[in-house]
2 protein chains.
Amino acid sequence: MLSKEAKDSIKMIRSMKESQKDSLKAELVPDIRKNTDKQMSVEVPKSLKLETINETKFSGELYHQEMKQDSVLLFIHGGGYATGTVKSRRDLCFRILSRVGFDGFSLDYSQWPEAHHPTAQNETVASYLYLLKRYKNIVVFGESAGATLALTLTLQLKRNHQKLPDKIAVFSPVITQLNIMPSEFLNNERDPMLIGAGDPVPYFKDPAAHDELVSPIYGNYKDFPPLFINCGSEEVKYDDSVVLNYLCQKANVDVTWKVWQNLYHVL
Amino acid sequence: MLSKEAKDSIKMIRSMKESQKDSLKAELVPDIRKNTDKQMSVEVPKSLKLETINETKFSGELYHQEMKQDSVLLFIHGGGYATGTVKSRRDLCFRILSRVGFDGFSLDYSQWPEAHHPTAQNETVASYLYLLKRYKNIVVFGESAGATLALTLTLQLKRNHQKLPDKIAVFSPVITQLNIMPSEFLNNERDPMLIGAGDPVPYFKDPAAHDELVSPIYGNYKDFPPLFINCGSEEVKYDDSVVLNYLCQKANVDVTWKVWQNLYHVL
């Protein structure tokens, strides 16, 4: 049984879902990002030192631990390739960093409407190769669309025979852009975070492309690094995790899948 | 536990699946159809009278019961819009007719490589409208790709505000042409009939079209006639039935879904 507080939260979050019903308007995106930042952004804690990175090919926030680190967490936020921001996901990033003790780099990748695929993909690869010069070990974390990028980054590195991340952890991965998995329908009324079976996100001009860098359901996971999948039992993207876990198991990847009971997309 | 005979049959059928591994070559299709006819065709029993129909817009075999009937079964075979034939599915059609006692019309619709979508769709609609002039009641049966046509026929009739079939029964329906449902992966080694997660069938030039007449997962099932769904528990198309049943239940359709334990696609 869910507590009254939990039920109230769900009700509140569900109202967010209602607001997604109309398709996302390009002109509203900047305000959505600004509001998300206002509501969710936190200061960088004193235990971390912020280095703002503005390279030609990518930008983002690098958070340094007090002691010099060999390892860095490449943190890739979600937001449907449109509404996510680095600042609004600082809290989640800092929580992970306080657990693992690494430095962290949160990638500020380009999204719709300013950009289309493969801009974010290219920025992700560029940031990874940059971090590879500064750190010995790279662990990649991504949530939702950021999880897609964590997977497509690694698939592209594999294709190019480049050094792969040491480990990957994903929350609520999205492995097809078409939103037709059974859970999109069956969990639609249970997941207050996302509309199920909706239109593909506008960032991809060809969301149906049979391309592992668009929909990692088409990926070859042979020799993939250890992967930790998290998802909610009630989420519309549940079946994306089902299939990702299966593909990795069939390819003998060291994959661990944790289903969080009674939880939703990303939350 | 499966019997030795059942296991032997599965082994034999599995060898058919192996032969699907290379993508279907257009020049082989006529021979495949010929062989299927040779192996599976049966004579029309004495209790039925065959009338060969060759209309401008469609053709097929009309089987008359001895007594004049008010009701006809529109039978639509499967075969991935390529390799199916009317003659090879006579046995199944006659078994159904002997149960229901109706006349039956088995549609000989155009397939790849001779045709592409929407040829078969148009022929199905034309045959239905023809039968509507000759019979009071029409029940539609379709298996696999024929199940898709049974659904897309009805969705198009609904769209055109035309009289709908009285009832529909489908075996192993296919409701998306993209082959990315979880069961395509998870049941791939269990289903000896079909390769899971394979390429879309070549009959559709745009298999990803967001069009209910290509992929009835996008259909609106409000006011759909009573629907009886059959599928095998082990089939790669299992999740197509999951979602079709769900869509119909949400639309208050009188839908019944029967899962045949330990059985496969169509078989």
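The values are calculated or read from the model by the stated rules, or taken from the named source; none is laboratory data. Quick caveat: nothing in here was measured; it's all calculated off a predicted structure. Neighbour counts run over all protein chains shown; Cβ positions are idealised from the backbone, glycine included. Surface accessibility is based on the protein's heavy atoms, side chains included, excluding ligands, DNA and RNA. Shrake-Rupley method; radii C 1.70, N 1.55, O 1.52, S 1.80 Å.
Of everything in the stretch B:166-186 that is open to solvent by 10 Å² or more (accessible area, probe 1.4 Å) and touching a helix residue (DSSP H, G or I) at 6+ places or on another chain (Cβ under 7 Å), the residue that is farthest from the other protein chains (Cβ to nearest Cβ) is B:PHE171.
Candidates in the stretch A:222-241 are the residues that are away from chain B (no Cβ under 14 Å) and among the small types (Gly, Ala, Ser); of these, the one that is farthest from A:LEU164 (Cα to Cα) is A:SER233.
Hey, which of the helices (runs of 4 or more DSSP H) in the stretch A:1-100, taking only ones fully inside, have at least 3 residues that are over 30 Å from A:GLN261 (Cβ atoms)?
Working: elements: A:4-19, A:29-40, A:90-100.
Qualifying helices (runs of 4 or more DSSP H): A:29-40.
For A:LYS158, state whether it is surrounded by fewer than 18 Cβ atoms within 10 Å (Cβ to Cβ), charged (D, E, K, R) and more than 14 Å from chain B (Cβ to nearest Cβ). It is false that A:LYS158 is surrounded by fewer than 18 Cβ atoms within 10 Å (Cβ to Cβ), charged (D, E, K, R) and more than 14 Å from chain B (Cβ to nearest Cβ).
Rundown of residues vs (1) more than 30 Å from B:GLN20 (Cα to Cα); (2) of a type outside the set (A, V, I, L, M); (3) in contact with an Asp or Glu (Cβ under 9 Å, 6 or more places away or on another chain), yes/no style:
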| position | (1), (2), (3) |
| --- | --- |
| B:VAL140 | no, no, yes |
| B:HIS161 | yes, yes, no |
| B:GLU184 | no, yes, yes |
| B:GLY219 | no, yes, yes |
| B:LYS222 | yes, yes, no |
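Among the conditions (1) within 13 Å of chain A (Cβ to nearest Cβ); (2) in contact with a helix residue (DSSP H, G or I) (Cβ under 9 Å, 6 or more places away or on another chain); (3) open to solvent by less than 40 Å² (accessible area, probe 1.4 Å); (4) among the hydrophobic types (A, V, I, L, M, F, W, C), the only one that B:ALA208 does not satisfy is (2). Does the stretch A:223-232 include one or more residues that are modelled with pLDDT under 95 and either surrounded by fewer than 19 Cβ atoms within 10 Å (Cβ to Cβ) or assigned to a helix (DSSP H, G or I) (or both)? No, the stretch A:223-232 contains no residue that is modelled with pLDDT under 95 and either surrounded by fewer than 19 Cβ atoms within 10 Å (Cβ to Cβ) or assigned to a helix (DSSP H, G or I) (or both).
Across the stretch B:243-263, the qualifying residues are those that are in contact (Cβ under 8 Å) with a residue 60 or more places away in the chain and open to solvent by less than 20 Å² (accessible area, probe 1.4 Å), and the one among them that is nearest to the other protein chains (Cβ to nearest Cβ) is B:VAL243. Within the stretch A:122-137, is there a residue that is free of Cβ contacts under 8 Å to residues at least 60 places away in the same chain and either within 14 Å of chain B (Cβ to nearest Cβ) or part of a loop (DSSP other than H, G, I, E, B) (or both)? Checking the stretch A:122-137: not a single residue is free of Cβ contacts under 8 Å to residues at least 60 places away in the same chain and either within 14 Å of chain B (Cβ to nearest Cβ) or part of a loop (DSSP other than H, G, I, E, B) (or both). Considered as a group, the residues in the stretch A:152-169 that are assigned to a helix (DSSP H, G or I) and closer than 15 Å to A:LEU73 by Cα include one that is nearest to the chain's Cα centre (by Cα), and that residue is A:LEU153.
Can we say B:PHE141 is within 11 Å of chain A (Cβ to nearest Cβ), aromatic (Phe, Trp, Tyr) and not in a loop (DSSP other than H, G, I, E, B)? Reasoning before the result, please.
On the way: within 11 Å of chain A (Cβ to nearest Cβ): no; aromatic (Phe, Trp, Tyr): yes; not in a loop (DSSP other than H, G, I, E, B): yes.
Taking the combined requirement at face value, the residue does not satisfy it.
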